[in-house]
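Step one of this worksheet: look at the structure below.
The values are calculated or read from the model by the stated rules, or taken from the named source; none is laboratory data. The structure displayed is predicted, hence computed values, not measured ones. Because the Cβ atoms are built from the backbone with ideal geometry, glycine has one as well, and the counts that use them run over all protein chains shown. Note: areas computed on protein heavy atoms with side chains; ligands, DNA, RNA excluded. Shrake-Rupley method; radii C 1.70, N 1.55, O 1.52, S 1.80 Å.
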Amino acid sequence: MEFDHGAGRVRVNMTDRAALIAEVAARLRQRKGFALATLNLDHLVKLRHDAGFRAAYEAQDLVTADGNPVVWLSRLAGREVALLPGSDLVVPLAREAAAQGVALAFIGGTENSLARAAHALERLVPGLRVVARIAPPMGFDPDGAEARAALDAVAESGTGLVFLALGAPKQERLAARGRALQPELGFVSIGAGLDFLAGTQQRAPRLVRRLALEWLWRAGSDPRRLAGRYARCAAILPGHALRAWRMRS
């Protein structure tokens with residue numbers, strides 16, 4: 001499914017979980033690196049106005065649907081895709097890494113949250129090794145010297161798979177840079193996935209997610225920060241719906 005964001009196009013090329021896990025498994029076996037992003041409406045807003053973000057997305061090998069609007073728009077266009085947000089990919093990808101003896105690394109969050117997330121994930125996934133945890137400082141620049149040092153550190157740690165929990169667009173930009181500098185590593189942008197594991201951030205209850213109301217839960221938890229974001233997302237939705245309907249027709 002392709003989306004026109006007004007300054008180009010982006011394609012969701014991983015349409016279901018089985019296909020994604022199989023692709024990641026093959027790349028881990030071959031030590032063939034990749035960058036994985038999860039597309040949502042907020043990204044489509046940012047892609048239109050942020051050239052650096054667009055360049056980062058162009059470097060992503062794998063793109064999934066993160067957010068029910070992307071799934072609904074794809075269905076409207078007659079091109080079904082599964083909902084695969086980054087936070088839901090942490091455990092299954094960690095299991096695949098452990099099965100292949102591939103160690104994990106984390107970049108993002110705080111030292112405390114990363115330590116708690118590593119402990120929780122190693123309990124959930126027997127045999128998993130988290131060999132590097134890097135908590136960037138405030139103002140972290142994915143194009144700066146500290147980012148280069150972080151990428152060098154994870155490469156030297158012996159990891160094969162790196163979870164990036166920096167939020168958009170920083171995590172996608174760092175994934176693109178890592179993809180170029182460390183082509184044998186896999187970089188997965190997971191947003192708040194590690195905070196959910198660590199318990200430092202509460203995710204919407206399962207029932208709320210099943211009802212496709214996680215956005216409302218998040219808005220209620222931080223209305224000052226998220227109100228503007230969701231308003232901008234709502235503003236682009238009719239145009240995308242019209243384009244999806246035309247694709248179907």
For Ile236, tell me the accessible area in Å² from a 1.4 Å probe, rounded to the nearest 10. 40 Å²
Grab the alpha carbons of region 1-103, take their convex hull, and tell me the volume per residue in Å³. 95 Å³
Largest first, how would Lys32, Lys170, Lys46 line up by accessible area (1.4 Å probe)? Lys32, Lys170, Lys46
Using the Cβ atoms and a cut-off under 11 Å, what net charge is assigned to the surroundings of Leu76, where Lys and Arg are +1 and Asp and Glu are -1? +4
One finds, for Arg79 and Glu122 with R0 = 35 angstrom and r their Cβ-Cβ distance, a FRET efficiency to the nearest 0.05 of 0.40
What does the net charge come to around Leu41 if you take all other residues with beta carbon closer than 14 Å to its beta carbon, with K and R at +1 and D and E at -1? +2
Value of Rg to Rh for the chain (Rh from inverse mean 1/r over Cα pairs, i.e. Kirkwood): 0.95
Neighbour net charge for Leu151 - beta-carbon separation under 15 angstrom, K R +1, D E -1: -1
Within the chain, which whole H helices from DSSP have a Cα span along their axis of at least 18 Å and a mean Kyte-Doolittle hydropathy of 0.5 or more, if any? 86-99
Rounded to whole Å, give me the distance from the Cα center of region 89-121 to that of region 146-213. 10 Å
With 5 Å bins from zero, work out the P(r) of region 40-88 over every alpha carbon pair and list the percent per bin. 5, 20, 23, 25, 20, 6, 0
